[in-house]
Amino acid sequence: MGQQNSDIGGIDIVDDYKPHEACGIIGVYAPGRDVARLTFFGLYALQHRGQESAGIASSDGQHAYIYRDVGLVSQIFNEENLKPLQGHLAIGHTRYSTTGSASLRNTQPYLVETIYGPLGIGHNGNLTNALDLRQMLLKRGVGLTSTTDTEIIAQILAAPPESWPDEVKNNGTQNHPDKWIDNIRSFMQIAKGAYSLVIMTHDAVYGVRDPLGLRPLCLGKLEQGYVIASESCALNTIGAEYVREVEPGEIVRLDGQGVTSVLPEVSQRRALCIFEFVYFARPDSLMDGRLVHQIRQSMGRQLAREAPADADIVIAVPDSAVPAAIGYSLESGLPYMEGLIKNRYIGRTFIQPDDRLRQQGVRLKFNPLSSNLEGKRVVLIDDSIVRGTTSGPMVQLVRNGGATEVHMRVSSPQVRFPCFMGVDMATFKELIGARLSVEEVCQHIGADSLGHLSLEGMLKAVQYVVGSDRGHCAACFSGEYPIDIPEWLFEDERDKLIFESMWG
């Protein structure tokens with residue numbers, strides 16, 4: 001296995017005020033193709049889902065190879081370290097840490113040797129019972145080297161069926177001709193939480209999605225193979241044709257026989273994270289069968305109905321709020337204009353800014369377009385307010401550009417609850433919406449007015465485009481989690497007390 005041992009880290013100057021998706025994953029089975037290169041470009045398209053580390057593992061049917069490091073995909077990989085990643089199947093992962101610190105030992109994918117041969121795994125999500133599973137492994141004498149739940153998954157899958165606890169061995173899943181399918185099904189019996197997985201063995205790639213479908217996963221077809229990825233934008237980048245979403249609870253195997261699907265557990269409930277539509281997913285990706293861009297425009301239209309403003313123009317916080325701003329403009333009749341110019345090359349750097357530059361973080365990434373703002377009453381559209389640390393500087397930046405009024409409108413409800421399903425949504429004490437009312441937040445950020453899209457309106461906007469209520473997790477807005485949340489996941493006693501006081 002090849003692995004670079006440097007442990008460098010970058011900083012995101014501005015985007016720490018946004019929630020962070022945990023990971024982007026991709027798996028490729030393509031005989032006769034340079035799968036490592038395909039995987040690299042797929043990860044490049046998924047870079048928005050995680051900017052801390054990345055890795056690729058491949059197999060030629062006999063041996064497995066891996067390369068991973070801390071940093072951006074484009075900074076980690078080059079011709080020299082891609083070349084040794086031989087074979088016709090590969091998996092890739094780009095990470096933003098939720099469980100486990102941002103260090104090389106927590107970088108994915110994981111690659112271990114098992115009694116059945118090599119096993120590679122990449123994981124997007126969070127297991128809410130990871131502590132229990134970790135204890136189960138330690139009691140069985142399994143040594144763990146990292147702090148991530150992904151290593152736990154890898155070690156569970158690596159165990160032969162006879163070594164499983166009786167409650168798992170006796171659940172009726174040990175009857176599939178593919179031993180890996182048996183192990184995956186057994187894992188799904190005891191795993192709780194959110195997970196989309198790409199798994200690599202010596203001769204196949206597997207895609208796995210949790211029974212509620214909390215994290216996204218889709219299937220694509222190449223001319224000489226198949227691809228599994230977090231988002232369809234990765235398929236488009238490498239020339240694959242979108243086929244469909246991997247269903248909640250489904251296991252998909254890619255090998256020389258094509259695609260094999262197993263649905264060991266079918267849930268009537270679906271709970272895809274609603275924040276995929278709000279912020280995480282690229283606007284050109286398909287989710288729930290529709291372009292994310294369409295859904296964000298629909299949210300903007302609904303926002304204009306619920307929170308109109310007496311203003312002259314509509315502008316967006318680029319780039320994620322642009323579709324919602326366009327929708328707001330179309331519904332309200334106010335012209336949409338560019339008001340903030342984004343420096344797309346300074347968003348992430350390995351050069352640490354000094355304290356004065358850090359305090360001016362918004363100015364490092366955005367500049368006001370004064371010719372469009374001068375003397376205008378402005379509606380400033382953002383997709384969410386999480387910590388609220390940069391909303392005030394953003395409002396002030398628009399005022400500095402010459403705006404006479406700044407009315408902030410947000411195309412999602414107040415974020416009031418942390419996420420335990422694979423998203424770094426911050427804790428109660430960090431969430432401004434958990435501490436302050438909308439009116440108080442408005443005063444805090446210095447806007448002339450502040451309006452949020454309602455929870456009902458957000459779900460209505462999604463349903464309007466998708467065509468039906470497919471079921472989504474909106475726990476960060478409502479506090480209604482689709483799964484039980486154990487106490488240990490709360491970071492401190494204050495978080496526990498707040499949660500218990502609100503929801504018993």
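Between Ser437 and Lys460, the distance separating the two model label sites (each 7 Å from Cα on the Cα→Cβ line) works out to 2.3 nm. With a cut-off of 14 Å between beta carbons, the residues surrounding Pro368 carry a summed charge of +3, where Lys and Arg count +1 and Asp and Glu -1. The slack between Arg290 and His63, meaning 0.36 nm per residue of separation minus the straight C-alpha distance, is 77.8 nm. Computed extension gain for Arg305 through Ser468, at 0.36 nm per residue and net of the alpha carbon distance, reaches 56.6 nm. Each label was represented as a point 7 Å from its Cα along the Cα-to-Cβ direction; for Glu113 and Arg377 these points are 7.2 nm apart.
Sequence-ordered 3J(HN,Hα) estimates for segment 275-283 from the Karplus curve with 6.51, -1.76 and 1.60 and θ = phi - 60° stand at 6, 4, 6, 6, 8, 5, 5, 5, x Hz, glycine and proline given as x.
Residue order for Leu82, Leu127, fewest other beta carbons within 10 angstrom first, comes to Leu82, Leu127.
Given R0 = 22 Å, the distance between the Cβ atoms of Asp203 and Glu241 translates into a calculated FRET efficiency of 0.40. For Met287, the residues whose modelled amide H falls within less than 5 Å of its own, excluding neighbours fewer than 5 places apart on the same chain, are Val292. Beyond 32 Å in Cα-Cα separation lie the following of the pairs Lys192/Lys429; Lys83/Lys139; Lys179/Lys221; Lys342/Lys429; Lys192/Lys365; Lys221/Lys365: Lys83/Lys139; Lys192/Lys365; Lys221/Lys365.
Here the peptides 287-293, 150-156 are ranked by packing, the mean other Cβ count within 10 Å, and the order with the highest first is 150-156, 287-293.
An ellipsoid equivalent to segment 199-254, defined through the eigenvalues of its Cα gyration tensor, has semi-axes of 18, 15, 8 Å when rounded to whole angstrom and sorted largest first.
Just so you know, all these numbers are worked out from the coordinates, no wet-lab data involved. Since the structure is predicted, the reported quantities are computational estimates derived from the model, not experimental observations. Heads up, the Cβs are rebuilt from the backbone with ideal geometry, glycines too, and the neighbour counts pull from every protein chain shown.
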